[in-house]
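In what follows, a structure is listed as structure tokens, so that the remarks can point back to it.
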Amino acid sequence: MGGWPEIELDLDFTDRLVDVIDEGFDAVIRTGEARDSRLMTRVLGSYELKLVGAPAYFAAHGIPESPGDLAGHCCLRHRFPTTGRLEDWLPDPGDPIELRTAATSNTIEPLVCLAERSHGIACLPDFAVRAQIEAGTLMSVLDGAVHRCGTFRILWPSSRQLAPKIRVFVDFMAENLFAPP
């Protein structure tokens, strides 16, 4: 970490909900509310979900004009690793839309890759596709159809005295993770 040569990072990227204390993590970053009273927390930033696909995919299959049009498209879906359930894209359960699933993944990176390669439409957090949208390799459709957003938090074990290395890491993440490019 740049100006902190005595801090060694050991990164573990997983969508699995880890037990911070029992599994020995110094800090974790996760979405949602903090429910463990043994942990301290700090908000890092927020995100919203976007429906995205490659311009070539939309040229071949058309751009969906309404949420109902998604039923005719190849959908690249996220599967929650803890439950095995597919993530819902649309918030209105009163009018369910049967999505045609072309591929699933329990992490978002493969979905970004598949979407960029014109294999379908994915529902992804804006931070994960911001660079691709700016570069034109992905485009956002049906903006406003997905009304879900979330908050990223960093969590660490609460104790009487916060270790300096954890304080530096927490401060660094808070200042840099959602900073403009």
Checklist outcome for this item: In segment 129-167, anything basic (Lys, Arg) and over 30 Å from residue 39 (Cα atoms) is listed as 130
Checklist outcome for this item: Cβ pairs under 6 Å, 6+ apart or interchain, first in segment 44-61 and in contact (Cβ under 8 Å) with a residue 12 or more places away in the chain and closer than 20 Å to residue 78 by Cβ, second in a strand (DSSP E or B) and hydroxyl-bearing (Ser, Thr, Tyr), ordered by first then second residue, are 46/151; 50/140; 52/140
Checklist entry - Taking into account only those residues within segment 50-77 that are open to solvent by less than 20 Å² (accessible area, probe 1.4 Å) and in a loop (DSSP other than H, G, I, E, B), which is nearest to residue 27 (Cα to Cα)? => result 54
Item to check | Scan of segment 8-49 for residues that are of a type in the set (A, V, I, L, M), open to solvent by 50 Å² or more (accessible area, probe 1.4 Å) and in contact with a Phe, Trp or Tyr (Cβ under 7 Å, 6 or more places away or on another chain), ordered by number | outcome: 29, 40
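The values are calculated or read from the model by the stated rules, or taken from the named source; none is laboratory data. Keep in mind that this is a model prediction, so the values were computed, not measured. With ideal geometry, Cβ positions are generated from the backbone for all residues, glycine too; neighbour counts draw on all protein chains shown. Keep in mind that these areas ignore ligands, DNA and RNA; they rest on the heavy atoms of the full protein, side chains included. Shrake-Rupley method; radii C 1.70, N 1.55, O 1.52, S 1.80 Å.
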